[in-house]
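Remarks on the structure that follows.
Bear in mind that the values in this text are calculations on the coordinates, not laboratory data. Note that the structure is a prediction, hence the values are computed from the model and not measured. Here Cβ is always computed from backbone atoms with ideal geometry, including for glycine, and neighbour counts include all displayed protein chains.
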Number of protein chains: 2
Amino acid sequence: MPDTPAVHVGPGERQDLQDAVRRAGGEVAALEGADAVVWAGGPRDLPELPGSVRWVQLPSAGIEGWFAAGRLDRERTWTSAVGAYSEAVAEHAVALLLAGVRGLAVSARARTWDAGASAAPQTTLRGATVAIVGAGGIGRAMVPALTALGADVLAVTRRGHDVPGAAETLPAARTHEVWERADHVVLAAPATDETRALVGAEQLAALGPHGWLVNIARGSLVDTGALVDALARGALGGAALDVTDPEPLPDGHPLWSEPRALITPHVANPSQLQSGALAARVEENVRRFAAGEELVGVVDVDAGY
Amino acid sequence: MPDTPAVHVGPGERQDLQDAVRRAGGEVAALEGADAVVWAGGPRDLPELPGSVRWVQLPSAGIEGWFAAGRLDRERTWTSAVGAYSEAVAEHAVALLLAGVRGLAVSARARTWDAGASAAPQTTLRGATVAIVGAGGIGRAMVPALTALGADVLAVTRRGHDVPGAAETLPAARTHEVWERADHVVLAAPATDETRALVGAEQLAALGPHGWLVNIARGSLVDTGALVDALARGALGGAALDVTDPEPLPDGHPLWSEPRALITPHVANPSQLQSGALAARVEENVRRFAAGEELVGVVDVDAGY
């Protein structure tokens with residue numbers, strides 16, 4: 001590998017990504033003769049690549065569109081931005097959980113001092129058990145903050161391999177245990193047939209009147225009717241949802257006026273934060289490329305992911 | 001020291017504190033003949049202590065009232081609950097800051113999906129510099145969570161001695177630097193003549209349109225008029241305040257209707273959380289007492305604190 005790799009950045013100027021290339025010791029170059037390409041656009045914008053290009057960095061975590069367009073080849077290494085945006089989503093999930101347990105949604109709506117004080121029951125994450133159902137990249141990125149806040153993390157992963165920093169990790173087959181064992185539950189699992197309506201009346205009842213449910217995964221994981229009912233009865237501490245079913249949540253839906261609910265409109269990974277996260281990934285990978293190290297997020301073109 | 005100290009708990013039953021004594025290996029006992037007393041009441045309720053009592057645990061962090069009532073003596077060790085409640089306040093401060101940067105106050109008030117999405121500008125703590133002005137017990141307790149969230153902490157203490165985990169610590173005489181250098185500022189300093197109206201128009205202008213101000217100290221540290229003006233002009237990202245000036249914040253005050261403000265009614269250390277924190281301190285100190293170790297929060301009766 002060249003010590004100072006020539007990296008083409010496109011489409012357009014993308015000063016932030018050019019800066020990231022330079023911070024990593026690379027040289028921003030024309031496409032012709034480039035060693036690598038950092039591409040912030042889609043598969044149809046990407047020009048034909050000269051043979052000199054040994055590596056292409058793509059901008060998104062999911063790259064189904066690149067496969068569908070037939071733009072990935074075996075002539076060079078392709079990397080996706082998988083995991084680059086996990087920390088932004090994890091931060092949002094921690095923010096939602098903390099806002100819930102500290103009564104901030106109620107306070108935010110108050111227009112008088114005493115109402116806020118009396119209406120917002122507060123608990124704490126310190127000493128609490130927080131379950132993360134689906135502790136992949138996003139769930140794992142939550143663990144340092146949760147443990148720093150004094151919570152014990154009960155992680156659930158497909159196979160139950162230990163999640164670093166978690167007090168315990170369960171396999172997905174034991175997900176049913178978390179509703180009794182955890183004080184609060186964060187949903188970070190993919191939307192699959194197995195996770196559809198994973199959270200219904202029974203699970204919410206087990207979580208109980210002080211428990212908060214946070215969903216930053218997909219709305220389909222929660223039975224919305226059961227949730228509305230549990231909240232209205234005070235049977236659940238509250239629900240902080242970045243994703244809903246239906247989504248967008250229609251005007252007049254009971255969750256909009258439910259004091260125990262906090263809704264954010266699918267903004268856990270906002271576009272405002274994505275460019276910074278992509279620049280950080282570009283810097284990391286250009287540094288690795290220059291040093292001849294393994295890149296982060298290498299696509300397996302044969303496997304299709 | 002006795003291996004199984006006899007500890008009197010009062011006034012009343014206080015099952016939570018009795019449990020804490022037992023978890024630490026102590027025995028809950030009558031006052032007569034007790035080795036130690038855990039007292040959850042005030043100075044006037046405390047009965048006369050038999051000579052067998054070598055140590056008294058008091059329930060509050062500040063103990064001016066105990067000195068004023070003349071109840072502290074040099075016959076035995078007295079411990080206050082100093083620091084026991086710092087973590088609860090620190091958690092609230094982190095919750096307020098995260099809620100601010102992730103736009104949760106705006107979302108909490110939204111009644112329609114698109115309004116929440118468009119009206120809540122979001123930033124991130126990752127890579128941000130967060131100043132803690134007055135990094136005493138509460139400020140220090142914030143550092144692990146802030147660093148776990150990827151922020152760099154710029155601490156300010158009276159003398160500038162390094163705060164563990166902070167990227168840099170400044171002495172109080174250099175407080176003026178933080179408004180330019182930090183992305184967000186948390187006020188955790190005591191209310192003194194030096195900190196009165198520490199934050200005015202100039203400081204808010206330097207913090208800028210993406211900066212959040214969090215106050216969990218005392219309302220007097222902030223010039224409320226200057227804050228209202230900066231928020232109305234969009235010159236400040238936002239303000240999350242657990243304390244206000246005046247306090248309580250009167251009905252109809254402009255901060256109640258300011259979209260960039262999030263007010264909690266002086267609940268960073270809510271009574272709901274205090275019993276748990278006191279029980280944890282009792283458990284720790286009974287364990288230390290039984291082991292003959294130094295206790296946490298020993299009062300210097302001669303010095304008066």
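The amide H of A:Ile263, built 1.01 Å from its N in the peptide plane, has A:Leu241 as neighbours under 5 Å, considering only residues 5 or more places off or on other chains. Spin-label model, A:Arg181/B:Val228: points 7 Å from Cα along the beta carbon direction are separated by 5.3 nm.
Look at where the Cα atoms of segment B:220-267 and of segment A:168-226 average out, and the two centres are 37 Å apart.
Average partner chain C-beta neighbours within 10 Å, per residue of B:89-98?
Values: counts 0, 3, 9, 7, 1, 8, 14, 5, 2, 10.
That average works out to 6.
Can you tell which of A:Leu46, A:Gln18, A:Ile132 lies farthest toward the positive end of the dipole of chain A, using +1 and -1 charges on the Cβ of basic and acidic side chains (Lys, Arg; Asp, Glu)? Sorting the options by dipole projection puts first A:Ile132.
Loop only by DSSP, 16 or fewer other Cβ within 10 Å of the Cβ. Give me the chymotrypsin sites (Phe, Trp or Tyr not before Pro) in segment B:169-265 that pass, ordered by residue number.
Filter output for segment B:169-265: empty list.
Rounded to two decimals, the Cα-based Rg/Rh of segment A:212-305, with Kirkwood Rh, is 1.21.
Amide H contacts of B:Thr129: B:Asp152, B:Asp183, B:His184, each under 5 Å away and 5 or more positions distant or on a separate chain (H built 1.01 Å from N in the peptide plane; Pro and chain starts excluded). The length gained on full extension between B:Arg196 and B:Ser52, counted as 0.36 nm times the residue separation minus their Cα-Cα distance, comes to 47.2 nm. Each principal axis of the Cα cloud of chain B was taken in turn, and the coordinate range along them, longest first, works out to 66, 44, 35 Å. Here the Gaussian network model covers chain B, with springs between Cα atoms less than 10 Å apart; of B:His176, B:His92, B:His184, B:His176 fluctuates the most. With each label modelled as a point 7 angstrom along the Cα→C-beta vector, the B:Ala291-B:Ala69 pair spans 3.1 nm.
By DSSP, what percent of the beta bridges with both residues in the protein assembly as shown are antiparallel, rounded to the nearest 5?
On the way: 2 of 74 bridges.
Taking every DSSP beta bridge with both residues in the protein assembly as shown, the antiparallel ones total about 5 percent.
Copy-to-copy label distances for B:Val296, where each label lies 7 Å from Cα along Cα-to-Cβ, are 3.6 nm in order of increasing length.
Shape analysis of the protein assembly as shown places it in the prolate category; the axes a ≥ b ≥ c from the Cα gyration tensor give an a/c of at least 1.5, with a/b above b/c. When chain A is treated as a GNM, springs tying every alpha-carbon pair under 10 Å, which of A:Trp66, A:Trp113, A:Trp39 comes out with the largest mean-square fluctuation? Looking only at A:Trp66, A:Trp113, A:Trp39, the largest GNM fluctuation is found for A:Trp113.
Shape summary of segment B:114-220, radius of gyration then Dmax from alpha carbon positions: 13.9, 48 Å.
Close amide-amide hydrogen proximity is noted between B:Val299 and B:Trp78, B:Thr79, B:Ser80, each under 5 Å apart and 5 or more residues distant or on a separate chain (H modeled in the peptide plane; Pro and chain starts excluded).
Backbone phi angles across segment A:39-51, fed through the Karplus curve with coefficients 6.51, -1.76 and 1.60 (θ = phi - 60°), yield HN-Hα couplings of 10, 9, x, x, x, 7, 7, 6, x, 4, 9, x, x Hz in residue order; Gly and Pro are listed as x. Taking B:Val56, B:Val214, B:Val186 in turn, the Gaussian network model of chain B (Cα-Cα springs below 10 Å) assigns the largest fluctuation to B:Val56.
Taking a ≥ b ≥ c as the square roots of the Cα gyration tensor eigenvalues, with a/c under 1.5 meaning rounded and otherwise prolate when a/b beats b/c, else oblate, which class fits segment A:123-185? Walk me through the numbers on the way to the answer.
Values: a/c = 2.16, a/b = 1.28, b/c = 1.69.
It is oblate, given that a/c is not under 1.5 and a/b is not larger than b/c.
Across segment A:20-35, computed HN-Hα scalar couplings (Karplus, 6.51 cos²θ - 1.76 cosθ + 1.60, θ = phi - 60°) run 5, 4, 5, 4, 7, x, x, 10, 6, 9, 5, 4, 5, x, 5, 7 Hz from first to last residue, x flagging Gly and Pro.
Pop the C-beta distance of B:Thr4 and A:Ala172 into the FRET formula with R0 = 51 Å and round what comes out to the nearest 0.05.
Working: r = 46 Å, r/R0 = 0.89.
Efficiency at R0 = 51 Å is approximately 0.65.
Estimated from helices alone, the mean residue ellipticity of the protein assembly as shown at 222 nm is -9000 deg cm²/dmol (sum of -39500 (n - 2.57) over DSSP H runs with n ≥ 4, per residue).
What longest region of chain A stays clear of trypsin sites (Lys or Arg not before Pro) that DSSP places outside H, G, I, E and B and that have at most 14 other Cβ atoms within 10 Å?
Numbers: sites that count: A:Arg44, A:Arg74, A:Arg111, A:Arg158, A:Arg159, A:Arg196, A:Arg233.
Segment A:234-305 is the longest.
By the gyration tensor of its Cα atoms, with a ≥ b ≥ c the square roots of the eigenvalues, what is the shape of segment A:51-203: rounded for a/c under 1.5, prolate for a/b over b/c, or oblate? Could you put the intermediate results ahead of the total?
On the way: a/c = 2.41, a/b = 1.79, b/c = 1.35.
It is prolate, given that a/c is not under 1.5 and a/b is the larger ratio.
Note that segment A:138-288 carries a Kirkwood radius of 16.6 Å, evaluated over its alpha carbons pair by pair. In chain A, the DSSP beta bridges split such that about 5 percent are antiparallel, to the nearest 5. I'd like the distance between the alpha-carbon centres of segment B:61-136 and segment A:41-93, rounded to an integer number of Å. After rounding, the separation between the Cα centres reads 41 Å. Sorted from closest to farthest, the other copies place their A:Pro250 label points 4.5 nm away, with each point set 7 Å from Cα along Cα→Cβ.
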